[in-house]
There are 2 protein chains.
Amino acid sequence: MQLVAVGHVESALTDPAAAPKQGTEGAPPATVVLDPEYADAARDLRVGDRIVLLTWLDRARRDVRVVHPRDDPAAPERGVFATRSADRPNPLGLHEVTVVAVDGLRIGVDALEAVDGTPVVDVKIAI
Amino acid sequence: MQLVAVGHVESALTDPAAAPKQGTEGAPPATVVLDPEYADAARDLRVGDRIVLLTWLDRARRDVRVVHPRDDPAAPERGVFATRSADRPNPLGLHEVTVVAVDGLRIGVDALEAVDGTPVVDVKIAI
């Protein structure tokens with residue numbers, strides 16, 4: 001099961017430790033830059049669309065099984081499958097966002113907590 | 001970017017062509033069977049939890065860039081990133097479900113359109 005990057009995130013966020021934990025928590029707008037190979041796949045994305053981005057959180061730890069939720073040492077540890085921790089066996093990020101600009105293969109989105117350079121592996125219409 | 005299976009789907013659904021297109025469209029209950037290696041990751045899943053399952057739709061086509069939505073030949077073709085087609089560069093399935101049973105590593109869910117044997121690659125709490 002080999003993922004391919006279909007694009008990457010361009011963002012002012014560069015430090016994962018400083019990034020918001022969820023897009024709704026003060027994340028900045030960002031741009032998803034899709035690779036030309038996927039131009040046809042992206043051709044019907046429109047401003048106003050609500051979409052789900054799947055990213056590969058390449059700075060996360062894959063060997064972590066339990067975490068203190070929200071990095072709060074006072075919070076009891078929980079198994080990562082009962083959290084939204086980036087650290088997990090397959091560090092897939094899941095982000096529901098709104099398209100705010102489309103310029104060829106550059107898709108602007110309203111609020112994204114992924115850092116600059118994060119690989120994008122899928123785009124779906126939200127349901 | 002290499003995914004590992006953390007478990008698989010057990011379901012009465014065996015034929016992808018006959019499976020509902022979304023979990024809300026008459027999909028049956030199913031069981032997610034997690035691998036023992038991930039017991040700690042799964043330890044806090046509880047009946048009633050709303051979770052997001054990510055699956056690897058291993059029967060999908062990765063070379064498809066445009067589809068007739070809902071397999072309707074009368075529907076205009078759309079780029080797969082503006083659809084929920086299983087056929088896409090990385091055939092990740094996204095399923096929001098409710099946990100209805102927990103028996104060790106066997107997690108019962110209310111309605112799942114993935115077919116029997118589908119690899120599960122991630123479990124997250126829904127937000």
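In region A:47-59, how many are modelled with pLDDT under 95 and either of a type outside the set (Lys, Arg) or open to solvent by less than 90 Å² (accessible area, probe 1.4 Å) (or both)? Explain how you work it out, then say what you get.
Going residue by residue through region A:47-59, those that are modelled with pLDDT under 95 are A:58-59.
Still in the running and either of a type outside the set (Lys, Arg) or open to solvent by less than 90 Å² (accessible area, probe 1.4 Å) (or both): A:58.
So the count comes out to 1.
Go through (1) farther than 18 Å from residue B:79 by Cα; (2) among the hydroxyl-bearing types (Ser, Thr, Tyr); (3) open to solvent by 30 Å² or more (accessible area, probe 1.4 Å); (4) touching a strand residue (DSSP E or B) at 6+ places or on another chain (Cβ under 8 Å) for residue A:98 and report which single condition fails.
It is condition (1) that residue A:98 fails.
Go through region B:110-127 and give me each residue that's open to solvent by less than 50 Å² (accessible area, probe 1.4 Å) and more than 13 Å from chain A (Cβ to nearest Cβ).
B:111, B:112, B:114, B:115, B:117
Restricting the search to region A:83-119, which residues are within 29 Å of residue B:46 (Cα to Cα) and touching a helix residue (DSSP H, G or I) at 6+ places or on another chain (Cβ under 8 Å)?
Across region A:83-119, the qualifying residues are A:83, A:85, A:86, A:87, A:88, A:89.
May I ask you to verify whether residue B:17 is in contact with a Leu (Cβ under 6 Å, 6 or more places away or on another chain) and either away from chain A (no Cβ under 11 Å) or assigned to a loop (DSSP other than H, G, I, E, B) (or both)? Don't jump to the end; show me each part of the working.
Details: in contact with a Leu (Cβ under 6 Å, 6 or more places away or on another chain): no; either away from chain A (no Cβ under 11 Å) or assigned to a loop (DSSP other than H, G, I, E, B) (or both): yes.
When the stated conditions are applied, residue B:17 does not pass them.
Looking only at region B:28-37, decide whether some residue is over 18 Å from the mean Cα position of the chain (by Cα) and not polar (S, T, N, Q).
Here is the first cut: in region B:28-37, the ones over 18 Å from the mean Cα position of the chain (by Cα) are B:36-37.
Checking the rest, the ones that are also not polar (S, T, N, Q) come to B:36-37.
For region B:28-37, residues over 18 Å from the mean Cα position of the chain (by Cα) and not polar (S, T, N, Q): present.
Here's the yes/no breakdown for (1) touching a helix residue (DSSP H, G or I) at 6+ places or on another chain (Cβ under 7 Å); (2) open to solvent by less than 60 Å² (accessible area, probe 1.4 Å):
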{"position": "A:9", "(1), (2)": "no, yes"}
{"position": "A:34", "(1), (2)": "yes, yes"}
{"position": "A:45", "(1), (2)": "yes, yes"}
{"position": "A:78", "(1), (2)": "yes, no"}
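Give the residue that is nearest to residue B:9 (Cα to Cα), with candidates limited to residues of region B:59-69 that are touching a residue at least 12 places away in the same chain (Cβ under 8 Å) and more than 12 Å from every other protein chain (Cβ to nearest Cβ). Let's see the steps before the verdict.
Initial filter on region B:59-69 (touching a residue at least 12 places away in the same chain (Cβ under 8 Å)): B:59-62, B:64-67, B:69.
From the residues that got through so far, the ones that are more than 12 Å from every other protein chain (Cβ to nearest Cβ) too are B:59, B:61.
Numbers: B:59: 14, B:61: 20 Å.
Here the answer is B:59.
Among the residues of region B:1-14, write down those that are under 15 Å from residue B:111 (Cα atoms), part of a loop (DSSP other than H, G, I, E, B) and touching a strand residue (DSSP E or B) at 6+ places or on another chain (Cβ under 6 Å).
Across region B:1-14, the qualifying residue is only B:11.
Select, from B:6, B:66, the only residue that is within 21 Å of residue A:93 (Cα to Cα) and among the hydrophobic types (A, V, I, L, M, F, W, C).
Working: B:66 fails: within 21 Å of residue A:93 (Cα to Cα).
That would be B:6, the only listed residue that is within 21 Å of residue A:93 (Cα to Cα) and among the hydrophobic types (A, V, I, L, M, F, W, C).
Specify the residue that is nearest to the other protein chains (Cβ to nearest Cβ); the eligible residues are those in region A:22-58 that are under 22 Å from residue B:37 (Cα atoms) and assigned to a loop (DSSP other than H, G, I, E, B). Let's see the steps before the verdict.
We begin by selecting, within region A:22-58, every residue under 22 Å from residue B:37 (Cα atoms); these are A:56-58.
Those still in the list that are assigned to a loop (DSSP other than H, G, I, E, B) too: A:57-58.
Working: A:57: 11, A:58: 8 Å.
Going through the qualifying residues, I end up with A:58.
Check off (1) in contact (Cβ under 8 Å) with a residue 12 or more places away in the chain; (2) more than 13 Å from the chain's Cα centre (by Cα) for residue A:52 and give me the number that stays unchecked.
(2)
Pull out all pairs, ordered by first then second residue, where Cβ-Cβ is under 8 Å, the residues are six or more apart or on different chains, the first lies in region A:80-93 and is more than 7 Å from every other protein chain (Cβ to nearest Cβ) and of a type in the set (A, V, I, L, M), and the second is part of a loop (DSSP other than H, G, I, E, B) and open to solvent by 10 Å² or more (accessible area, probe 1.4 Å).
Listed pairs, sorted by first residue: A:86/A:57; A:86/A:59; A:86/A:60.
Check whether at least one residue in region B:65-86 is under 16 Å from the mean Cα position of the chain (by Cα), over 25 Å from residue A:5 (Cα atoms) and of a type in the set (Gly, Ala, Ser), and report yes or no. Let's see the steps before the verdict.
If we filter region B:65-86 for residues that are under 16 Å from the mean Cα position of the chain (by Cα), which is where we start, we get B:83-86.
With over 25 Å from residue A:5 (Cα atoms) added as a condition, the list becomes none.
Taking every residue of region B:65-86 in turn, none turns out to be under 16 Å from the mean Cα position of the chain (by Cα), over 25 Å from residue A:5 (Cα atoms) and of a type in the set (Gly, Ala, Ser).
If we keep just the residues of region A:11-25 that are open to solvent by 70 Å² or more (accessible area, probe 1.4 Å) and touching a residue at least 40 places away in the same chain (Cβ under 8 Å), which is nearest to residue B:127 (Cα to Cα)? Can you show your working first?
First, pick out the residues of region A:11-25 that are open to solvent by 70 Å² or more (accessible area, probe 1.4 Å): A:12, A:14-15, A:17-18, A:21, A:24-25.
From what's left, touching a residue at least 40 places away in the same chain (Cβ under 8 Å): A:12, A:14-15, A:21, A:24-25.
On the way: A:12: 25, A:14: 24, A:15: 23, A:21: 12, A:24: 11, A:25: 13 Å.
It comes out as A:24.
The values are calculated or read from the model by the stated rules, or taken from the named source; none is laboratory data. For clarity, every value in this text was computed on a predicted model and none was experimentally measured. FYI the Cβ positions are ideal-geometry reconstructions off the backbone, even for glycines, and counts take in every protein chain you see. Calculation scope for accessible area: heavy atoms of the full protein, side chains included, ligands and nucleic acids excluded. Shrake-Rupley method; radii C 1.70, N 1.55, O 1.52, S 1.80 Å.
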